[in-house]
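The structure is given below, and queries will be raised subsequently.
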């Protein structure tokens, strides 16, 4: 029924620093279908944002580099594109929403101007046509009275409204893939819920594929069809959201789910995972989670576990999984 | 009835109204001063009572009209060789204002361009451009200007070029710092995300956001330019006599400051007025350009 829009194969993005090589993303593979929301979840510094920036080819330079792998968007390998060709994809085919709506709009331009920039750039429209597109983008994000809003400046709006505007910029050219990097983290809880509902609606209308990056399992449960759990630059488990919550196979996934506070259990203390994630410059041999793993085996410390498929859409990298 | 109305208004909007009045004054007074000076410069031949370089040895060192011994024939007095100070101040406005304007336009454009490129692109481009800037800053400006004047001979354009030659470096430094900060701004990342090219980002997203420091720097440098011109004139490398510029008039009066103070004072006041007006206007412009303050 649905078609694969993005296929990432064995992506490795490293940062070359004076102190050494930081393997921020180290061989990850996943795919995203049209009209699907794919979640990437993990602790801070596990490579979620670097994955997003790699797909957009916007790793910070100098230093950040895609070392190997393929990023195939609708049949085109983005890694092979020139900088100029890549610019034509950004905004038009792929777009991204950043975390903080307070800083991601240019303070000196009106909302209309900022949405129009993308429209002019990619659709070659001029004059009144541009304004129509801008208004339609604002409508898509359910921004009230768009004709008024488009003449306002960012400082005149609330955080929630600004984040909708950021969404309108991202969706203005109706991209096929939208990357949302913790778009609701800076918003308060009620606005957060509204925003997520809004995006489900946008997705229904445009059939856009969304990669939703977050560290919040609650958000994952609400938004995503499928989820990848990242740990220290690798995907340790991929499954449908339902399956992941019902039967997590990787000890890290179970530990993460266990460390979410729950209303239906009266544990004295909230579960937390012992230790710290490894330094991405100096990774342990074998499984990266082994030093913190409660069910570690000798083999885990020696060899990296292969990714094994275990049933429909569920795969895991763990020596214990069968 | 009317009184209560006024009181209410004072209660509710007094602060805002006061701000508005101050804001209007900081715009009207300095722009009126600058406007008058510019008009004076343009219509100098019509306004000046005497030709600026008409020598009248019999009337030399005459004090201003309002001082004992002064005459209404020379409202602001005369200098060592009897030239009318008022006429020279009026004609001097032409030179001093146009030199400032030209130098500021040239230095601000070069400095801003290089600063943005340096700060945004970073890496080797930045390292190279900043070393060039350092070298420029290390040279004493007066010395270079002197050298320049020696090669080309003192003239109006020599002064403009000589001051511009090194004057761009502080702009480049300042703007580079701003560009460096803005490069990391989320809205610049957002621009990259929608596929904006680096050139367009520099022009459309970085440049408008550095207007504030740029304008402040430009208005502050009015004084620097006029004074540098004066220093050059003093050293014989500035606007060549007998052409009047405020700078060389101040220098002319230096030796007689305790007796014939009016020779230096009046061009000095003119310089002060321009510099102050520039600063006030700069502040006003900065507030205007900040969209957050635009409402008030």
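Laboratory data are not the source of any read-out in this text; all were calculated from the coordinates shown. Bear in mind that the values here come from a model prediction, so they are computed numbers and not experimental data. FYI the Cβ positions are ideal-geometry reconstructions off the backbone, even for glycines, and counts take in every protein chain you see.
Which angle between 0 and 90 degrees, to the nearest 10, do you get for helix B:141-152 versus the longest principal axis of chain B when only C-alpha atoms count?
70
To continue, here is another question. In a Gaussian network model over chain A where Cα atoms closer than 10 Å are linked, find which of A:292, A:262, A:226 has the largest mean-square fluctuation.
A:262
Can you pull the one-decimal nm distance between simple spin-label points at residue B:156 and residue A:80, each 7 Å off the Cα toward Cβ?
So the two model labels end up 6.3 nm from each other.
Starting from the Cα gyration tensor of the protein assembly as shown, take the square roots of the eigenvalues, sort them a ≥ b ≥ c, and report rounded, prolate or oblate (rounded when a/c is under 1.5, otherwise prolate if a/b is larger than b/c, else oblate).
Note, shape of the protein assembly as shown comes out prolate.
Determine which residues of region B:69-100 fall in the zone a paramagnetic label at residue B:46 would reach in this model, i.e. backbone nitrogen under 20 Å from the point 7 Å along Cα→Cβ.
The answer is B:86-95, B:97-98.
For a footprinting-style exposure proxy, rank A:46, A:293, A:287 by other Cβ within 10 Å, fewest first.
Result, fewest neighbours first: A:293, A:46, A:287.
With r as the distance between the Cβ atoms of residue B:137 and residue A:16 and R0 = 45 Å, compute the FRET efficiency 1/(1 + (r/R0)^6) and round to 0.05.
The calculated FRET efficiency here is 0.85.
Take the alpha carbon gyration tensor of chain B, find the square roots of its eigenvalues, order them as a ≥ b ≥ c, and report rounded if a/c is under 1.5; if not, report prolate when a/b exceeds b/c, else oblate.
Oblate, since a/c reaches 1.5 and b/c is not below a/b.
Going by how many other beta carbons lie within 10 Å of each one, how would you line up A:238, A:214, fewest first?
Ranked by crowding around the Cβ, least crowded first: A:214, A:238.
Residues of region A:147-179 with amide nitrogen under 16 Å from the 7 Å Cα-to-Cβ point of residue A:207?
A:174-178
How many angstrom lie between the Cα centre of region B:73-98 and the Cα centre of region B:130-184?
That distance is 31 Å.
Assign one of three labels to region A:27-92, namely rounded, prolate or oblate, based on the Cα gyration tensor with a ≥ b ≥ c the square roots of its eigenvalues; rounded applies when a/c is under 1.5, prolate when it is not and a/b is larger than b/c, and oblate otherwise.
Oblate is the answer for region A:27-92, as a/c is 1.5 or above yet b/c matches or exceeds a/b.
Between residue B:71 and residue B:227, what FRET efficiency comes out of the Förster formula 1/(1 + (r/R0)^6) with R0 = 30 Å and r the beta carbon distance, rounded to 0.05?
After rounding to 0.05, the efficiency reads 0.40.
Something else about it: For region A:249-322 and region A:121-166, write down the distance between their C-alpha centroids in whole Å.
44
Given points 7 Å out from each Cα along the Cα-Cβ axis, report the residue A:281 to residue B:22 separation in nanometres with one decimal.
Between residue A:281 and residue B:22, the simple spin-label model gives 5.1 nm.
Can I ask one more? From a point 7 Å beyond the Cα of residue A:128 in the direction of its Cβ, which residues of region A:104-118 have a backbone N at a distance under 20 Å?
A:112-113, A:116-117
Connecting C-alpha atoms closer than 10 Å in a GNM of chain B, tell me which of B:64, B:52, B:242 has the biggest fluctuation.
Among B:64, B:52, B:242, the largest mean-square fluctuation in the Gaussian network model of chain B belongs to B:242.
Mind giving me the FRET efficiency for residue A:7 and residue A:136? R0 is 30 Å, r the Cβ-Cβ distance, nearest 0.05 is fine.
Between residue A:7 and residue A:136 the formula returns 0.50.
Separate question: Looking at the protein assembly as shown only, what percent of DSSP beta bridges run antiparallel? Nearest 5 please.
Rounded to the nearest five, the antiparallel share is 65 percent.
GNM on chain A, C-alpha springs below 10 Å: top fluctuator among A:26, A:282, A:74?
Evaluated over chain A, the most mobile residue of the options is A:282.
Using 0.36 nm per residue of separation minus the Cα-Cα distance, give me the extension gain between residue A:221 and residue A:61 in nm, one decimal.
Working it through step by step, the gained length comes to 54.1 nm.
Related question: Is it possible to state the helix-based mean residue ellipticity at 222 nm for the protein assembly as shown, with each DSSP H run of 4+ residues giving -39500 (n - 2.57), the sum divided by total residues, to the nearest 500 deg cm²/dmol? What is it?
So the helix-based figure for the protein assembly as shown works out to -16000 deg cm²/dmol.
With a point put 7 Å past each Cα toward its Cβ, work out how far residue A:271 is from residue B:38 in nm, to one decimal.
Placing both labels 7 Å along Cα→Cβ, they lie 7.4 nm apart.
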